[in-house]
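Chemist: Can you read through this structure? Questions will come right after.
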Amino acid sequence: MPSKVYSSNPSPTLIRFRFSSLLIVVTLLATLSSCGKRPIDDEFTQWVGDDDAASSSADADGLSTADLRIFELSGPVRRLSTVTYYDVTPGQNGQFLIPDSLNCTETIVFFDSLGRYVPRRDERIRRDEQGRIVRWEDHRPNLRRIHGGFLRDTLSYRHVSENVVATSGMGEYAITVYDNAHRIVGQYTDPLNDGEQTAVFNVYLDADGLGNWTRRLGIWTTQSAGRRPHISYTLDERNIVYWQ
């Protein structure tokens, strides 16, 4: 099938394609779904924390909290939707080729009016004394026909510095590097056991009026022991809804 041509010129809405198949590992605090299916709002609970709220501050760009920064955001964000397109081929003049047999995922997260991440009812979050997330757990029930009990997927976050976060869990160890605008410059991932080493470097294409990025190109290298790196590309597009 022919590929579709996508231009990186700004657009107020998410790009929409016909596709016959759906498939990142994205930040696993997010709700992951196929592109055509969005979780309903009542799957999310209101924040019920106590005094361990995410640390916040006001700056020239508006509201800034530890939770917003980990998602590369600032300002009064209410809802963030990110669509990731896979198997992208960069073209000329800021265009991208996306196959008709489209692999894509969508993640959706919510924040309260104070800039704190709103967890799903089955998520468990632990924070440090500065209000930063240091542990995430998934307590959703398993499908009993497959395995009884509950999921125990966990991620641990170590805030090395303002620009570096180390993550471990679910079979991998990752280092994520942020620039001073708290956008992810790149990430290196190493399996805890045998497997492929992965690195991604990001090129930012568009931003909204509050400076939050809305499109970026991810350049991925994947390498197994004794082999040369494989290069691939993803295209991320974000739709950001703000509190009024």
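What follows draws every value from the coordinates through simple rules; no lab data is involved. What you see is a predicted model, and the numbers here were worked out from it, not measured in a lab. Here the Cβ is made from the backbone with ideal geometry for all residues, glycine too, and neighbour counts use every protein chain on show.
Chemist: Nearest 0.05, what FRET efficiency do TYR173 and ARG121 give at R0 = 35 Å with Cβ-Cβ as r?
Modeler: 0.75
Chemist: Normalising by the residue count of the stretch 79-129, find the relative contact order in percent from Cα pairs under 8 Å and 6+ residues apart. Before the final figure, lay out the partial values.
Modeler: Details: 53 pairs, mean separation 17.1, N = 51.
In percent, rounded to a whole number, it is 34.
Chemist: Under a 5 Å amide H to amide H cut-off, with H placed in plane at 1.01 Å, what residues pair with LEU102 once short-range neighbours are removed?
Modeler: The answer is SER20, SER21.
Chemist: Between HIS230 and ASP190, what FRET efficiency follows from the Cβ-Cβ distance if R0 is 22 Å, with the result rounded to 0.05?
Modeler: On the way: r = 16 Å, r/R0 = 0.73.
Efficiency at R0 = 22 Å is approximately 0.85.
Chemist: Please list the non-local residues whose amide H lies under 5 Å from the amide H of ASP87, H modeled 1.01 Å from N, same-chain partners needing a gap of 5 or more.
Modeler: Placed amide hydrogens put TYR233 under 5 Å from ASP87.
Chemist: Which whole-Hz couplings ³J(HN,Hα) result when phi for each residue of the stretch 212-227 is put into the Karplus expression 6.51 cos²θ - 1.76 cosθ + 1.60, θ = phi - 60°, listed in order with x for Gly and Pro?
Modeler: Each residue's phi maps through the Karplus curve to give 7, 5, 10, 9, 8, 9, x, 10, 9, 10, 10, 9, 9, 4, x, 10 Hz.
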